[in-house]
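Single-structure report; data block below.
The values are calculated or read from the model by the stated rules, or taken from the named source; none is laboratory data. If you're wondering where the values come from, they're calculated on a predicted model, not measured in any experiment. Cβ: placed from backbone, ideal geometry, glycine included. Neighbour counts: every protein chain shown. To get the accessible areas, we keep the full protein, side chains included, count just its heavy atoms, and leave off ligands, DNA and RNA. Shrake-Rupley method; radii C 1.70, N 1.55, O 1.52, S 1.80 Å.
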Amino acid sequence: MKKFVVFDLDGTLIDTLEGITKSVNDTLSVLNKKSDYTKSEIASFIGHGARRLFYLSYQGDFTEDEFSLYLKYYEKDQYVSSLYPHVHEVLKELNKKDIKIIIFSNKPNEILQKLVSNKLSDIKLEFIQGQDKNYPPKPDVTLLRKILNSLNLDPKDGIYVGDSDVDTYTARNIGMPSIILSYGYGDKKLISESKPDYYIDDFRDIIKLI
């Protein structure tokens, strides 16, 4: 039995794609840029953080003022989202088993904190961490290693759950087995090439694997 689980958020715990797509199109419309992206197009941009996502949708370099505008829409539109099936019941089960839950995401940290508070308020979470400008985004694990050290947790005692090849590499870089969910935003070919330890369709299967 593992002592803790590290979860990605977007495409893993919460389906945020509609809100993210809306925030991108709302921002780009104001900036008189292409603003008719589909959810599938935006999904292909997700995984390496908000700056990379905005760069790809903006189709080039942007100013800090433009990115700040995007973050305002991003925060406003993020609540147009919902938990994936069985997420709540599984997280509750982990709480009952005293298995620590950590959320580690490339989503901007301030926005992540608010969304988790809104959607997972009754779940006991050991640590919640979004992208910090002082650290590289996933799959770099500098910040994750710092978090685990602060909690006196050894990577060998945990398992990592995500939805993309970025998550597979993050798990491998920290020395944890990976569970990748098939229903998320990750590119299936890239996921296959990354060789996750487990590839599952049903969130409930996580309980069997820990």
Check your understanding: Just Leu56, Leu17, Leu144 to compare: in a GNM of the chain, with alpha carbon springs under 10 Å, which one fluctuates most?
Key -> Leu56
Check your understanding: Restricting to the chain, what percent of DSSP beta bridges are antiparallel, rounded to 5?
Key -> 10 percent
Study note, to complete from the structure: Extension length gain for Lys124 and His86 (0.36 nm per residue less Cα distance), in nm, is 12.0 nm
Point to revise | Most mobile of Thr63, Thr16, Thr38 in a GNM of the chain (Cα contacts under 10 Å) | key: Thr63
Practice item. Report the relative contact order of region 1-155, percent, no decimals, based on alpha-carbon pairs under 8 angstrom and at least 6 residues apart. Key: 28 percent
Exercise for review: Evaluate the charge dipole of region 126-202 about its Cα centre and quote only its size in Debye, nearest 20, assuming +1 on the Cβ of each Lys and Arg and -1 on the Cβ of each Asp and Glu.
Suggested key: 300 debye
Check your understanding: So how strong a dipole does region 55-180 carry about its Cα centre when Lys and Arg Cβ are +1 and Asp and Glu Cβ are -1, to the nearest 20 debye?
Key -> 460 debye
Practice item. Would you tell me the accessible area of Arg145, worked out with a 1.4 angstrom probe on the heavy atoms of the protein chains, in Å² to the nearest 10? Key: 100 Å²
**Study point:** Most mobile listed residue (Phe54, Phe104, Phe127) in the chain, GNM with C-alpha springs under 10 Å
**Key:** Phe127
Check your understanding: Is any residue of region 142-178 close enough, with backbone N under 13 Å, to a label point placed 7 angstrom from the Cα of Lys195 along the Cα-Cβ axis, and if so, which?
Key -> 169, 172
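Could you give the size of the charge dipole of the chain about its Cα centre, using +1 on the Cβ of each K and R and -1 on the Cβ of each D and E, expressed in debye and rounded to the nearest 20?
That gives a dipole near 480 debye.
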Exercise for review: Beyond 21 Å between alpha-carbons counts as too far, so tell me which of Lys34/Lys107; Lys22/Lys107; Lys156/Lys208; Lys119/Lys188; Lys33/Lys72 fall in that bin.
Suggested key: Lys34/Lys107; Lys119/Lys188
Review point. Once you sort the root eigenvalues of the Cα gyration tensor of region 63-180 as a ≥ b ≥ c, which label holds: rounded (a/c under 1.5), prolate (a/b larger than b/c) or oblate (the other case)?
Key: oblate
Point to revise | Listed residues Ile206, Thr168, Tyr135: farthest to the positive end of the dipole of region 131-206 (Cβ charges) | key: Tyr135
Review point. When only Cα pairs under 8 Å and 6 or more residues apart are kept, what is the percent relative contact order across region 130-207?
Key: 25 percent
Point to revise | Residue among Leu148, Thr38, Phe62 farthest towards the positive dipole end of the chain, charges placed on Cβ | key: Leu148
Exercise for review: Give a quick list of GluC sites (Glu not before Pro) in region 50-153 that DSSP marks as loop, anything other than H, G, I, E or B, with at most 16 other Cβ atoms within 10 Å.
Suggested key: Glu126
Revision key, fill the gap. Rounded to the angstrom and largest first, Cα extents along the principal axes for the chain equal 53, 36, 32
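What FRET efficiency comes out for Leu31 versus Tyr183 if R0 is 41 angstrom and r is the Cβ-Cβ distance? Round to the nearest 0.05.
0.80
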Practice item. Can you send over the solvent-accessible area of Asp140, 1.4 Å probe, protein chains only, in Å² to the nearest 10? Key: 50 Å²
Check your understanding: Can you give the extra length, in nm with one decimal, that the chain gains between Tyr135 and Asn109 once fully stretched, where that is 0.36 nm per residue apart less the Cα-Cα distance?
Key -> 8.2 nm
